[in-house]
1. If I filter region 109-148 down to residues being at pLDDT below 90 and of a type in the set (Val, Ile, Thr), which single residue comes out as nearest to the chain's Cα centre (by Cα)?
2. Which of the residues that make up region 127-143 are outside any helix (DSSP H, G or I) and either under 15 Å from HIS35 (Cα atoms) or small (Gly, Ala, Ser) (or both)?
3. Across region 37-91, what is the number of residues that are hydroxyl-bearing (Ser, Thr, Tyr) and surrounded by 16 or more Cβ atoms within 10 Å (Cβ to Cβ)?
4. Name the single residue that is nearest to the chain's Cα centre (by Cα) among those in region 76-90 being in a helix (DSSP H, G or I) and modelled with pLDDT of 95 or more.
5. Residues that are over 20 Å from GLU121 (Cβ atoms) and in contact with a helix residue (DSSP H, G or I) (Cβ under 6 Å, 6 or more places away or on another chain): does region 97-104 have at least one?
6. Assess whether ILE73 counts as being within 15 Å of the chain's Cα centre (by Cα), modelled with pLDDT of 90 or more, not assigned by TED's automatic domain parsing to the domain that holds VAL24 and not in a helix (DSSP H, G or I).
7. Could we say that LEU25 is in contact (Cβ under 8 Å) with a residue 24 or more places away in the chain, within 23 Å of LEU133 (Cβ to Cβ) and not assigned by TED's automatic domain parsing to the domain that holds LEU82 here?
8. From ILE68, ILE106, ILE44, ILE54, which residue is at pLDDT 95 or above, part of a strand (DSSP E or B) and farther than 22 Å from ALA148 by Cβ?
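The values are calculated or read from the model by the stated rules, or taken from the named source; none is laboratory data. Quantities reported herein were computed from a predicted structural model and do not represent experimental measurements. A quick note on method: Cβ atoms are made from the backbone with ideal geometry, for glycine too, and the neighbour counts reach across all protein chains shown.
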Amino acid sequence: MARIEEAIHVRKFNDDYEKAMVNVLYTASWLDGIHLQRLKPAGISPQQFNVLRILRGAFPTPLRLTDITERMIDKNSNATRLVEKLRQKALVKREVCKHNRRQVDIWITDKGLELLSSLDEGFKEYTRSIIQLSKDDVDRLNDLLDRARG
């Protein structure tokens, strides 16, 4: 992959902090595009994939919409709409809570678990082929990104 200056045709940034910000945003968008293409054959978006993984992580315990929203990668996603689309595809189910009628419990279905399982098969190799860094570099990158967020 080209340096960020070459990728977006910029000669110079105001400073290294601006360059880092643009580089992170550009790289996130690049990764999102690759992820989108990988999920397209499964008929789900990266945001729907994220919701399914969140629900699988909690399985068999149901989650409320607020639980899902706070765990999502993209905080700007409309979790209500995502859950409804997944329900229409029979990948999740929703039920009014028996103890609190204002609460809706959400679970991943067997079909949703099977879909994730089929995607998991190549996910490890896929992520390693995209992020072509050594284990030490990946550890350092993760640490730097965590520190950047404060």
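1. THR127
2. Taking region 127-143 as the starting set, the residues that turn out to be outside any helix (DSSP H, G or I) are 131-134.
Correct list: ILE131, SER134.
3. From region 37-91, those hydroxyl-bearing (Ser, Thr, Tyr) are 45, 61, 66, 69, 77, 80; that's our starting set.
After this cut, where a residue has to be surrounded by 16 or more Cβ atoms within 10 Å (Cβ to Cβ) as well, the list is 45, 69, 77.
Qualifying residue count for the region: 3.
4. Of region 76-90, the ones in a helix (DSSP H, G or I) are 79-88.
Those left that are additionally modelled with pLDDT of 95 or more: 81-88.
Details: ARG81: 16, LEU82: 13, VAL83: 14, GLU84: 18, LYS85: 16, LEU86: 15, ARG87: 18, GLN88: 20 Å.
For region 76-90, the residue satisfying everything is LEU82.
5. no
6. Values: within 15 Å of the chain's Cα centre (by Cα): yes; modelled with pLDDT of 90 or more: yes; not assigned by TED's automatic domain parsing to the domain that holds VAL24: yes; not in a helix (DSSP H, G or I): yes.
So ILE73 passes the test.
7. On the way: in contact (Cβ under 8 Å) with a residue 24 or more places away in the chain: no; within 23 Å of LEU133 (Cβ to Cβ): yes; not assigned by TED's automatic domain parsing to the domain that holds LEU82: yes.
Spelling it out, it is not the case that LEU25 is in contact (Cβ under 8 Å) with a residue 24 or more places away in the chain, within 23 Å of LEU133 (Cβ to Cβ) and not assigned by TED's automatic domain parsing to the domain that holds LEU82.
8. Numbers: ILE68 fails: part of a strand (DSSP E or B); ILE44 fails: part of a strand (DSSP E or B); ILE54 fails: part of a strand (DSSP E or B).
ILE106 is the lone residue from the list that is at pLDDT 95 or above, part of a strand (DSSP E or B) and farther than 22 Å from ALA148 by Cβ.
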